[in-house]
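Comments concern the structure below.
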Amino acid sequence: MKRRLPFQVKLFLSLVLFSCLLLALLGAILFHVIDRQLHHDLGQRARVQASEIALMPGLAQKVADRDVVGIARLIQPLRDQSDASYIVIGDVRERHLYHSESPERIDLPMIGGDNAEVLAGKTIISVRQGGIGVSLRSKAPILNASHQVIGIVSVGYLTSYIDNINGRRLAQAGLYGMLLLILLFIFSWIFSRNVKKQMFWLEPKDIALLVRQQKALLEAMYEGVFAINGQKQLILINRAARELLDIRQPENELLGKPLAGVLETPPTFFTESGVQDASPAKNSSRHDQITVLNQRQVIVNRVPIELEPGKESGWVFSFRDKNDINTLSSQLSQVKRYADSLRIMRHEQLNWTATLAGLLQMQRYDDAMRYIQAQSEGAQAVLDFVSARFTSPALCGLLLGKYVSAREKGVELAFDPACQLLRIPPAISETELMSVIGNLLDNAVDATLKAETAPAPVELYISDRNHELLIEVADRGGGVDDALKPHLFEQGVTSKPQSGDDMTGAEHGIGLYLVASYVRQAGGSIEISDNTPQGTIFSVFIPYPAEALTGKKYE
């Protein structure tokens, strides 16, 4: 099997190779520029020297007289100070009168074939093959007093000399280039390592696999999921979310859009939960929040995206249609009520049967008859009252179950004689109303049982008079601390003591939170007041809309 290089090594080698190519290209360009500049500078230097030598006093006379010795004596001091490779003096016939490097070439022809312009009175710069090699040279005419050309001055720099200068500069540049290349190696390795670290040390194929798995997982989820970045732009949405929100556009057309442009109605949940606030204290996770998305009630959970510890760069929201949750909750509540009712009825039936059996064994038949009549009359009275005052069958069943459950615990549930509920407000469903009443009664019974005095009755008053639904549940338990009252309806807050072995501790703080959520959602309010001489009164007010006041009774 062919072994593949890790991504970090591939990235490092790619960066190094690319850097070497860039350095080589830069070096070639730099060498070309420096070489051209050096040729230009040395050409101009040779031109200046040739022009100055041609104007030296006495040189024109000595050239005219072909005074070879005098010319050498005049030029040699200049040659010792010049950096040129050679200085040559020639006559008008293009024959050497002086050669600083090859005296033996005296009276020999000048080589190169570039003297025509000089003899015409021009100063030139050229590159030609000379007697000692190829050179960059400048030639200037020597003029007599009549301004006639009588000789030629040639000052040149051998190309080998120029190459030596370029070689030294190239060596220096190469040294700096090596240092730069070493720095590039170090940078490439650190950069590739940092990239791999940001990829959680995963290979690209592993990341691609994770992305495909994540997409498949999100699409398979029944719960809607979408995510936004810090600018509240959509960065992820799954199929369930698009279906729940009735969004027909495909995912690729939605990504990157502002969330307000994706949803039909302004998402008030995001404003209320602190999404628009950059304060870390306000951007904590939220769970089981009831809000409205695209005119649908949903239960939303929010979790921040933290690419760095303590720094949020977006949020992930998951939600379910509240109707689905209500359906499951209703079914569970019904099953629980049936089970509780059966358990209570079984317990009561066993007690009743045991008492009746004892009376019969003692042959106290008259007492047995009176006992049967008393039990039947008490249960029938409560049944007749509840059935007459409340027209909702489900609510009647709930109240009867709570009555029997409280009596089993030794607490009496007393119904106010003025109780009446003929219609349920349209803003709250029957299931939600039963949850409100049931939780308030459970809390009242628990508070009564924890009181230091003998259990007093829990009083219940329900009325739909005066254009609003009023529910009052009064107990004579230990009461609620004033400091706790403003926070009692927050999720997780409870006045009940918790212990380490309390198996129901996870349920504390949920009942009153649900009560307050349902009441606020219905446009109502809830109040807490102290009972006399002790205990607490919970009062719930849910208004009826004007059009509902003339509506039909609950059927």
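Worth pointing out:
- Among the residues of region 58-73, those that are closer than 21 Å to residue 147 by Cα and either assigned to a helix (DSSP H, G or I) or touching a helix residue (DSSP H, G or I) at 6+ places or on another chain (Cβ under 7 Å) (or both) comprise 58, 59, 60, 61, 62, 63, 64, 71.
- Matching option when the condition is in contact with a Lys or Arg (Cβ under 9 Å, 6 or more places away or on another chain) and modelled with pLDDT of 85 or more, among 11, 55, 21, 38: 38
- Test for residue 253: is it out of contact with any strand residue (DSSP E or B) (no Cβ under 7 Å at 6 or more places or on another chain), surrounded by 13 or more Cβ atoms within 10 Å (Cβ to Cβ) and among the charged types (D, E, K, R): no
- Verdict on residue 91 being without any contact (Cβ under 8 Å) to a residue 40 or more places away in the chain and either in the same structural domain as residue 37 (by TED's automatic domain parsing) or surrounded by 22 or more Cβ atoms within 10 Å (Cβ to Cβ) (or both): no
- Test for residue 150: is it buried (at least 16 other Cβ atoms within 10 Å of the Cβ) and assigned by TED's automatic domain parsing to the domain that holds residue 88: yes
- Scanning region 198-250 for residues that are in a helix (DSSP H, G or I) and either in contact with a Pro (Cβ under 9 Å, 6 or more places away or on another chain) or β-branched (Val, Ile, Thr) (or both) yields a count of 3.
- Within region 156-183, being under 30 Å from residue 7 (Cβ atoms) and out of contact with any Cys (no Cβ under 8 Å at 6 or more places or on another chain) holds for 177, 178, 179, 180, 182, 183.
The values are calculated or read from the model by the stated rules, or taken from the named source; none is laboratory data. In this text the structure is predicted, and so the values were computed from the model without any measurement. Here Cβ is always computed from backbone atoms with ideal geometry, including for glycine, and neighbour counts include all displayed protein chains.
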